[in-house]
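Q: Take this structure, written in structure tokens, and hold onto it; I'll ask about it next.
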Amino acid sequence: MLGITQPVTSYYFADIIGQFGGLPEGAVMDLPIPTGAEVITATLGQFGQIGFLVLVLAYMGIVAKEKNHGTQIMVLVKPVSYTNYLTAKWAHLLCISLGSYAMGYIAAVYYTFLLIEKMVIADLIYGGIIYGIWIAFVMTVILCLSALLNSTAFVAFAGLGLTVVLSLLSSLTPDLMSLSPAMLTSHSQSLYQTGQVGSGFGLNLAFTLVLIIGILIGTIFLFHKKEIAQHTT
């Protein structure tokens with residue numbers, strides 16, 4: 001829905017304002033249609049706001065709820081390791097989040113081509129993959145918080161808060177936050193607008209991938225340690 005809405009509303013924005021904006025009779029709205037790069041950038045902005053909100057609310061209890069209800073014990077008493085348990089959750093998170101993102105992104109590109117203008121396919125694919133890595137990072141953080149915390153509300157608050165803080169700091173102080181995972185959004189936007197990623201992209205990408213793997217490994221270790229401590233006591 002988000003992927004379809006942005007290009008359609010961008011194209012028909014003047015008509016929508018004219019019909020429902022309460023303008024005086026006879027007034028004419030002559031607004032320029034945004035470029036394809038602007039539409040795709042705005043679409044990713046919608047994904048980063050409403051999209052993340054939906055995903056975080058949907059998966060804030062992916063592990064925390066099972067811990068609170070004790071249902072994870074039924075799985076862990078079987079020959080299922082903590083690593084398999086959490087990596088299965090992680091794979092589930094990524095399949096749903098990246099799968100839904102891909103469908104929305106393809107819909108946005110399709111309607112942008114149909115209504116606005118054609119864009120370079122390679123830049124769209126490359127930029128989409130870059131932004132997808134940012135989504136993977138956020139989902140990994142949500143899994144970590146859900147595994148280590150019992151309150152689903154705090155998981156949502158902490159996850160969304162971290163996303164907002166990283167995004168704000170990355171936009172306000174890009175030089176200081178050059179390695180921040182949120183800078184991937186800027187690199188993808190630069191790719192749409194100029195055909196090139198920003199400086200420092202390679203280090204930013206490598207650091208984000210290392211963070212994702214590190215957070216996942218750390219989550220498994222801390223979750224295992226916490227569960228053993230609870231059963232021992």
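Q: Kindly count the pairs of lysines across the range 52-166 whose alpha carbons are less than 22 Å apart, treating pairs on different chains or eight or more residues apart as eligible.
A: 5
Q: If you don't mind, another one. Given a 1.4 Å probe and the protein chains all in place, what does the accessible area of Thr83 round to, in Å² to the nearest 10?
A: The accessible area comes out at roughly 70 Å².
Q: In the chain, how does Rg compare with the Kirkwood Rh, expressed as the Rg/Rh ratio over alpha carbon atoms? Write out the running numbers ahead of the final one.
A: Values: Rg = 20.9 Å, Rh = 19.6 Å.
For the chain, the value is 1.07.
Q: Order Lys118, Lys226, Lys89 by their accessible area, 1.4 angstrom probe, all chains in place, largest first.
A: Largest accessible area first, the list is Lys118, Lys226, Lys89.
The values are calculated or read from the model by the stated rules, or taken from the named source; none is laboratory data. These numbers come from a predicted model, not from an experiment. Accessible surface areas use protein heavy atoms only, side chains included; no ligands, DNA or RNA. Shrake-Rupley method; radii C 1.70, N 1.55, O 1.52, S 1.80 Å.
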